[in-house]
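**Q** Following this message is one structure expressed as structure tokens.
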């Protein structure tokens, strides 16, 4: 029953354990940003644990379409994505403790409501999806408000990277068994894995090597 997506989750666990080792090995190099590399070690390792939990099918519900929903993903995102959001804030020069609090709180709210929307299989899930989406819009506003990125190419690249790739997560949610069930759990798991690699590993490497 779980063969196809379970295979994807084990692949994801291996990829993120490998990325954890890569960031660990680079943590002592002077050519890397020590703050960002420490953050990425946590993000990669935490994500690897998330994939192991899903590979073991430890926290699931069945959708109305008969597909398996692995809702634990969103609880782990509360930790890893909060760190990613704070990294983005640092890149954009935010150093106000109130900004950091807002960013951490909104990120956790996005993921917690996402967890509830994924765990619930009735029509009420859309209430929490909308609440999660509202918190996500608020998160983007706080991240990018009062920031000059038009004359700064790296910041502009990061802004569009975040807006485009982060916004694809709820798109997959809508099409997956969590939403309208247009695609299978297997396709959903592949989509999330690709986005995790892009938004965590690739983005982390950019931060570690490009921001001294």
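The values are calculated or read from the model by the stated rules, or taken from the named source; none is laboratory data. Model, not experiment: these values are computed from the prediction. Don't worry about glycine lacking a Cβ; one is built from the backbone with ideal geometry, like all the others, and counts go over all protein chains shown.
**Q** What do you reckon, is residue 37 in a helix (DSSP H, G or I), in contact with a helix residue (DSSP H, G or I) (Cβ under 6 Å, 6 or more places away or on another chain) and modelled with pLDDT under 90? Break it down into steps so the answer makes sense when it comes.
**A** Working: in a helix (DSSP H, G or I): yes; in contact with a helix residue (DSSP H, G or I) (Cβ under 6 Å, 6 or more places away or on another chain): yes; modelled with pLDDT under 90: yes.
When the stated conditions are applied, residue 37 passes them.
**Q** For region 54-70, check the following and say yes or no: at least one residue is surrounded by fewer than 20 Cβ atoms within 10 Å (Cβ to Cβ), free of Cβ contacts under 8 Å to residues at least 60 places away in the same chain and within 25 Å of residue 136 (Cα to Cα).
**A** The answer is yes, given that some residue of region 54-70 is surrounded by fewer than 20 Cβ atoms within 10 Å (Cβ to Cβ), free of Cβ contacts under 8 Å to residues at least 60 places away in the same chain and within 25 Å of residue 136 (Cα to Cα).
**Q** A further question follows. Listed residues 49, 11; which is farther than 13 Å from residue 201 by Cβ, assigned to a helix (DSSP H, G or I) and over 16 Å from the mean Cα position of the chain (by Cα)? Steps first, answer last, please.
**A** Numbers: 49 fails: over 16 Å from the mean Cα position of the chain (by Cα).
The unique qualifying residue is 11.
**Q** Another question, then. When you check residue 133 against the structure, is it in contact with a strand residue (DSSP E or B) (Cβ under 8 Å, 6 or more places away or on another chain) and assigned to a helix (DSSP H, G or I), yes or no? Give the steps one after another, and end with the answer.
**A** On the way: in contact with a strand residue (DSSP E or B) (Cβ under 8 Å, 6 or more places away or on another chain): no; assigned to a helix (DSSP H, G or I): yes.
Considered against the rule, which asks whether it is in contact with a strand residue (DSSP E or B) (Cβ under 8 Å, 6 or more places away or on another chain) and assigned to a helix (DSSP H, G or I), residue 133 comes out as no.
**Q** Taking residue 46 as the residue in question, decide whether it is touching a helix residue (DSSP H, G or I) at 6+ places or on another chain (Cβ under 7 Å) and either surrounded by fewer than 21 Cβ atoms within 10 Å (Cβ to Cβ) or more than 19 Å from residue 111 (Cα to Cα) (or both). Please lay out each step first, then the result.
**A** On the way: touching a helix residue (DSSP H, G or I) at 6+ places or on another chain (Cβ under 7 Å): yes; either surrounded by fewer than 21 Cβ atoms within 10 Å (Cβ to Cβ) or more than 19 Å from residue 111 (Cα to Cα) (or both): yes.
Judged against the criteria, residue 46 is a match.
**Q** Going through region 166-212 one residue at a time, which ones are over 22 Å from residue 19 (Cβ atoms) and part of a helix (DSSP H, G or I)? Steps first, answer last, please.
**A** First, the residues of region 166-212 that are over 22 Å from residue 19 (Cβ atoms): 167, 170-171, 173-187.
Those that are over 22 Å from residue 19 (Cβ atoms) and part of a helix (DSSP H, G or I): 167, 170, 171, 173, 174, 175, 185, 186, 187.
**Q** Also: Hey, among the residues in region 114-153 that are touching a residue at least 60 places away in the same chain (Cβ under 8 Å) and under 23 Å from residue 82 (Cα atoms), which one's surrounded by the fewest Cβ atoms within 10 Å (Cβ to Cβ)?
**A** The initial filter retains those residues of region 114-153 that are touching a residue at least 60 places away in the same chain (Cβ under 8 Å), namely 117-118, 121.
This time we only want the ones that are under 23 Å from residue 82 (Cα atoms), so: 117-118.
Working: 117: 24, 118: 26.
The qualifying residue surrounded by the fewest Cβ atoms within 10 Å (Cβ to Cβ) is 117.
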